[in-house]
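What follows is a single structure, written as structure tokens, with notes after it.
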Amino acid sequence: MTCAFDLAHYRELLEAARAGGYRFAFFDRDPAPGDLLLRHDVDLSLEAAVRMAELEAEEGAAATYFLMPQSIFYNLASPVGERARERLRELGHRVGLHALWPRAELDERFDPVVAWHNPDPPYMREPVDGAVNVMEERFSARYRSDSNQRWRSGCPHEELRAGSFDWLQLLTHPEIWVYPGTTMRETMSALLDAERE
């Protein structure tokens, strides 16, 4: 495996998880042995989120997509935003709130689950009234992230295939996997080129 940030390798990650005996879970209960909590923070592109969600549906995977009501890159209240949110649910995924501290304003568009955007340590793991904070200790004790197109502890595909994690929360950002680029700058350029086209 090349460990490239592309949809082919993302599919390999899902296949590795299946080979390791993991089942796809949501944030509606405490993690249990064998759970893989797929989390996607949609920072930049609803189109990338839908493409990733379709691939996951093909692979029998379910995830929670965290969408931003105040994104400067997409409008969740537009017809495109509404269709994207509906499509994610049609595919069997959940939709959570990707919130900017300190505003976690849940409404009918979201399941009662929150992921803070670029959180600071003082509030990152604090409970949220009426919702689950995905970074509470019970969900984040086993955690991997691709933030800024870099795995903090290495690509997890081998550990997933070997069943090395008791359970895991795996955070990915769809735009990193859908648009080409070996760096975050290149990926952002590809995303902006696609938007202009």
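The values are calculated or read from the model by the stated rules, or taken from the named source; none is laboratory data. As the structure is a computational prediction, the values presented were derived from the model and not from experiment. So basically every Cβ, Gly included, is an ideal-geometry build from the backbone, and we count neighbours across all protein chains shown. Side chains included, ligands, DNA and RNA excluded: accessible areas come from the protein's heavy atoms. Shrake-Rupley method; radii C 1.70, N 1.55, O 1.52, S 1.80 Å.
Within the range 44-59, being over 12 Å from residue 93 (Cβ atoms) and open to solvent by 30 Å² or more (accessible area, probe 1.4 Å) holds for 47, 51, 58, 59.
Against the list (1) within 22 Å of residue 45 (Cβ to Cβ); (2) free of Cβ contacts under 8 Å to residues at least 40 places away in the same chain; (3) surrounded by 14 or more Cβ atoms within 10 Å (Cβ to Cβ), the condition residue 106 fails is (1). Residues in the range 1-56 that are free of Cβ contacts under 8 Å to residues at least 24 places away in the same chain and of a type in the set (Ser, Thr, Tyr): 2 only. Of note, residue 89 satisfies the criterion of being among the basic types (Lys, Arg), free of Cβ contacts under 8 Å to residues at least 12 places away in the same chain and open to solvent by 10 Å² or more (accessible area, probe 1.4 Å).
Against the definition (modelled with pLDDT under 95 and exposed (fewer than 12 other Cβ atoms within 10 Å of the Cβ)), how does residue 153 come out, yes or no? Considered against the rule, which asks whether it is modelled with pLDDT under 95 and exposed (fewer than 12 other Cβ atoms within 10 Å of the Cβ), residue 153 comes out as yes. Within the range 37-56, at least one residue is touching a strand residue (DSSP E or B) at 6+ places or on another chain (Cβ under 6 Å) and farther than 14 Å from residue 174 by Cα.
The helices (runs of 4 or more DSSP H) found wholly in the range 51-141 and carrying at least 2 residues that are of a type in the set (A, V, I, L, M, F, W, C) occupy 79-90.
Evaluating residue 162 against the criteria (1) surrounded by fewer than 16 Cβ atoms within 10 Å (Cβ to Cβ); (2) out of contact with any helix residue (DSSP H, G or I) (no Cβ under 9 Å at 6 or more places or on another chain); (3) of a type in the set (Gly, Ala, Ser); (4) touching a residue at least 60 places away in the same chain (Cβ under 8 Å) leaves one unmet condition, (2).
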